[in-house]
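Accompanying notes for the structure given below.
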Amino acid sequence: MARILIVNGRLLDPVSGLDTHADLAIDQGRIVEMGPKLSRLPADEIIDAEGCLVTPGLIDPHVHLREPGNERAETIASGTRAAVEGGFTTVCCMPNTTPALDNDAMVHFVRARTETTGSCRVFPVCAISKGRKGDELAEIALMARAGASGFSDDGDCVASAGLMSRALATVKPTGKAIMQHCQEPTMTRGGVMHAGIVSTRLDLGGWPRAAEEIIIDRDVRLNRNIGCKYHVQHISSGESVNIIRRARAEGQPVSGEATPHHLLLTCDLIETSGYDPRYKMNPPLREKSDIEAIKHGIADKTITVLGTDHAPHPAETKEVPFDSASFGLVGLETAVPLYAEALVHGNVIDWPRMIAMMTIEPARLCGLDAMGLGMLKVGGPADVTVIDPDAEWTVTRKTLAGQSFNTPFMGRSVRGRAVAVVVAGQIKLARTRGLAFAQA
């Protein structure tokens, strides 16, 4: 295994608070040294990170890899290529596959496929209920022992209060988190976009904010005397932020997650784009007031995690009338510049905080910090991302490494890009643009 030296970069470690210009040495899959002007002599590969951020490998806790069952949209191989392209060294995959990731055998399947075809680390988030049907708890303890990084029925909400109460109590002893897709189903039947003036004008089924807020409020109440780690996925409503804020103030182990599209896009775009299905999301795009509330929640650390909700779909399910199109967008390749646009350039948070929300915070959520992921530490695993914050590029099909291209950001000019990625001591990405990469 090659000895790698990353030189001249700005090292950011959110755990120690390190923020300095220095070099970083990697050997045998581990970080072996960090400091100014390290010796170049022992290095097999040298990455010059002048003008770049050198960070822990980015972690996405909310990714749909579609395998098994929907390999036309994505596979573990193609999805992890997309992850590396975007600077991610670890992704946590959702259980809404066919069959669902609802038993320990499926955990082993994901691990085996990752070992043979994956470009980065993959940890499964397993189903809360059998078949994700919301009727009966899955084998939580067995999946936790097999390596589940959390539990969710994502794609669907755990609608039953009784089942959710049992799930919280069952997951609590495992130390894992329940990640809830907050959508009260009877309020969203037929809903395809945010319920409001625009949906009325367009005669499209409305999806109210309350459908999200009611579930969060219910779950927080159920969890008050249980204390399970509880995570709200893809927040879209401003009032959801307030509910989470109050729960955290009470000392509850509640966290929330923001996505790029819910920070940059509003429901008005569905009208101005002429019903473009690429703007059809679950939960739906909402209004500017919701975006401002989510940004405020990020600024005051009510929302601690950034996740893409990378949801690939083949063209035939997106290039159809808006009502019948699939929900979601691909997001791994574009996450860094889009978050930078919304949060750093928007003066909500700085680069170190944004990196924390994409590294140690999701690592803590999914229990990956115990493995040394999400941090830069001598002796720790050599998962490292190098980001050029000033790299300007355009989102095109050629810049997307996954199997699907469903994104409303196609053609958008963006700034900020991962230019080198090291996973477990192996260089998985090294661009010539914005980064010198050469043999020592």
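Just so you know, all these numbers are worked out from the coordinates, no wet-lab data involved. All figures in this text were calculated on a predicted structure; none of them were measured in a lab. Please note: Cβ atoms are built from the backbone with ideal geometry, for glycine as well, and neighbour counts cover all protein chains shown.
What GluC sites (Glu not before Pro) in the range 207-257 are in a loop by DSSP, with at most 12 other Cβ atoms within 10 Å of the Cβ?
Those satisfying the criteria are Glu250.
Which loop-located trypsin sites (Lys or Arg not before Pro) does the range 164-193 contain, where loop means any DSSP state but H, G, I, E or B and the Cβ has at most 11 other Cβ atoms within 10 Å?
Passing sites in the range 164-193 are Arg189.
At 1.002 mPa s and 20 °C, plugging the Kirkwood radius over alpha-carbon pairs of the range 36-152 into Stokes-Einstein gives what diffusion coefficient in µm²/s?
In µm²/s, the coefficient is 137.
Please list, ordered by chain and number, the residues whose modelled amide H lies under 5 Å from the amide H of Leu329; skip anything fewer than 5 residues away on the same chain.
For Leu329, the qualifying residues are Ala311.
Compute a Gaussian network model of the chain, connecting alpha carbons closer than 10 Å, and tell me which residue from Gln180, Gln233, Gln426 fluctuates the most.
The residue with the greatest mean-square fluctuation here is Gln426.
Calculate, for Glu136 and His108, the FRET efficiency according to 1/(1 + (r/R0)^6) with r their C-beta to C-beta distance and R0 30 Å; round to the nearest 0.05.
For Glu136 and His108, the calculated efficiency is 0.85.
Output the relative contact order of the chain, whole-number percent, from Cα pairs under 8 angstrom with separation of 6+ residues.
Relative contact order here is 21 percent.
Return the long-range amide H neighbours of Ser129 (sequence gap of 5 or more, or a different chain), with a cut-off of under 5 Å between placed amide H atoms.
For Ser129, whose amide H was placed from the backbone, the distant partners under 5 Å are Gly134, Ala138.
Would you please give the FRET efficiency between Arg415 and Ser16, computed as 1/(1 + (r/R0)^6) with r the Cβ-Cβ distance and R0 = 30 Å, to the nearest 0.05?
After rounding, the FRET efficiency stands at 0.60.
Check Leu11: other-chain or 5+ apart residues with amide H under 5 Å from its amide H, H built from backbone geometry?
The list, which skips near neighbours in sequence, is Thr20, His21, Ala22, Val54.
When the Karplus curve 6.51 cos²θ - 1.76 cosθ + 1.60 is applied with θ = phi - 60°, which whole-Hz ³J(HN,Hα) does each residue of the range 345-355 get, with x for Gly and Pro?
Each residue of the range 345-355 in turn: 5, x, 6, 8, 9, 9, 4, x, 5, 4, 4 Hz.
What FRET efficiency comes out for Ala2 versus Val378 if R0 is 22 angstrom and r is the Cβ-Cβ distance? Round to the nearest 0.05. It would help to have the intermediate numbers written out before the result.
Working: r = 18 Å, r/R0 = 0.83.
With R0 = 22 Å, the Cβ-Cβ based efficiency is 0.75.
Of Ser404, Ser152, Ser16, how do they rank once you tally other Cβ atoms within 10 Å and put the fewest first?
Ascending Cβ contact count within 10 Å gives the list Ser16, Ser404, Ser152.
If you plug each phi of the range 102-119 into the Karplus form 6.51 cos²θ - 1.76 cosθ + 1.60 with θ = phi - 60°, what whole-Hz ³J(HN,Hα) values come out, in order, with x for Gly and Pro?
With the stated coefficients, the range 102-119 comes to 10, 7, 5, 4, 6, 4, 5, 4, 4, 4, 5, 5, 5, 4, 8, 10, x, 9 Hz.
Restrict the search to the range 8-48; then list the trypsin sites (Lys or Arg not before Pro) that DSSP places in a loop and that have at most 10 other Cβ atoms within 10 Å of their Cβ.
Lys37
By its C-alpha gyration tensor, with a ≥ b ≥ c as the square roots of the eigenvalues, how is the range 1-63 shaped: rounded for a/c under 1.5, else prolate for a/b larger than b/c, else oblate?
Since a/c reaches 1.5 but b/c is at least a/b, the shape of the range 1-63 is classed as oblate.
In sequence order, what are the phi-derived ³J(HN,Hα) couplings for the range 122-127 according to the Karplus relation 6.51 cos²θ - 1.76 cosθ + 1.60 with θ = phi - 60°, rounded to whole Hz, with x for glycine and proline?
Result, ordered by residue: 10, 10, x, 8, 8, 5 Hz.
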